[in-house]
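Here's the structure, in structure tokens; my notes come after.
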Amino acid sequence: QVQLVESGGGLVQPGGSLRLSCATSGFIFRIYAMGWYRQAPGKQRELVARITSGGSTNYVDSVKGRATISRDNTKNTVYLQMNSLKPEDTAVYYCNANVNAHNYWGQGTQVIVSS
């Protein structure tokens, strides 16, 4: 079955960096687009970044220039590098894959940006 397992979250000071990882299994990773979403308390889940199977990327405006999504098809893993973190980046970050028209989510990894 499809599994997505996020890691790499934590507490970081404003201006700091984190690299989130999402290890996947159960599907042919290299042929699917992957996404990172986040959900802050009291807010709707939003798309942060997406990478296609060919490596094309797009980002929500609020993280452009500060985030980089990448994938390693040899490890079936997608990454999200976040730099210059701000308190408003605080959220649970989720990995997403749409496989055969079904949306799959990981359990999420908490990112807290605070001094």
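Of note:
- In the context of the full set of protein chains, region 15-114 has a per residue accessible area of 51 Å² (1.4 Å probe).
- The mean sequence separation of alpha-carbon pairs under 8 Å and at least six residues apart, normalised by the residue count of region 16-60, gives a relative contact order of 28 percent.
- The chain, relative contact order in percent, only Cα pairs under 8 angstrom and at least six apart counted: 37
- Global geometry of region 27-115, whether rounded, prolate or oblate, following the gyration tensor of its Cα atoms and the 1.5 cut on a/c: prolate
- Order by protection proxy (mean Cβ within 10 Å, highest first), peptides 54-63, 13-22, 89-98: 89-98, 13-22, 54-63
- Modelled FRET efficiency - R0 25 Å, residue 88 with residue 31, Cβ distances, 0.05 increments: 0.15
- Apportionment of accessible area to carbon and sulfur, the chain, percent (1.4 Å): 46
- Sorted largest first by accessible area at a 1.4 angstrom probe radius, with every protein chain in place, the residues 105, 36 fall in the order 105, 36.
- Simple Cβ-charge dipole of region 1-91, Lys/Arg +1 and Asp/Glu -1, about Cα centre, in debye nearest 20: 100
- Each residue, residue 64 and residue 45, gets one label point 7 Å from its Cα in the Cβ direction; the gap between the two is 2.5 nm.
The values are calculated or read from the model by the stated rules, or taken from the named source; none is laboratory data. Keep in mind that this is a model prediction, so the values were computed, not measured. A quick note on method: Cβ atoms are made from the backbone with ideal geometry, for glycine too, and the neighbour counts reach across all protein chains shown. Calculation scope for accessible area: heavy atoms of the full protein, side chains included, ligands and nucleic acids excluded. Shrake-Rupley method; radii C 1.70, N 1.55, O 1.52, S 1.80 Å.
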